[in-house]
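What follows is calculated from the coordinates using simple rules that are stated; it is not laboratory data. Quantities reported herein were computed from a predicted structural model and do not represent experimental measurements. Don't worry about glycine lacking a Cβ; one is built from the backbone with ideal geometry, like all the others, and counts go over all protein chains shown.
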Amino acid sequence: MGQDRDTNTDEPTVGQLVANASRDLSSLVRSEIELGKAELKKTAVAAGTGAGMFGGAAFLGLLAIILLSIAAAYGVSALGLHPALSFLIVAVLYLLIAGVLVLVGKSQLGKAKGAPRTIETSKESVEALKAIGKGD
């Protein structure tokens, strides 16, 4: 009555299909990993370059603040004060600003509460898992 199933070699067996799918999936995963590595390398180089630029800008900003501080001290000195007293006035002004920043920062840290809802739900999850483990 036609062809017997055992003699039809055109169709792959289930084992061959599984092996082919496994090989293809493995190849796909390796390709995705390689693509991810390439993208991450490019991103890391860009991030490193950007961080370096920010570092350079911060350094130049610091130098500018130092020079502006010296200019401010000499400006106060031009009002007739001794240069040492002028530099002291600028330094005290910076210390006052630093003190205000510390107080404001401390106030903001006091407002930080963490993640209370996450902690609470995590505790509830642990308790539920313990109950399941005990067979309750």
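Assess whether SER107 counts as being exposed (fewer than 10 other Cβ atoms within 10 Å of the Cβ) and outside any loop (DSSP other than H, G, I, E, B). So SER107 fits the description; yes.
Could you tell me whether segment 74-81 includes any residue that is in contact (Cβ under 8 Å) with a residue 12 or more places away in the chain and either loosely packed, with under 10 Cβ neighbours inside 10 Å or assigned to a helix (DSSP H, G or I) (or both)? Give the steps one after another, and end with the answer.
Kept after step one, since they are in contact (Cβ under 8 Å) with a residue 12 or more places away in the chain, are these residues of segment 74-81: 74, 76.
Narrowing the set further to residues that are either loosely packed, with under 10 Cβ neighbours inside 10 Å or assigned to a helix (DSSP H, G or I) (or both) leaves 74, 76.
Checking segment 74-81: at least one residue is in contact (Cβ under 8 Å) with a residue 12 or more places away in the chain and either loosely packed, with under 10 Cβ neighbours inside 10 Å or assigned to a helix (DSSP H, G or I) (or both).
Out of the residues in segment 110-136 that are among the acidic types (Asp, Glu) and part of a helix (DSSP H, G or I), which is nearest to ILE66 (Cα to Cα)? The residue in question is GLU120.
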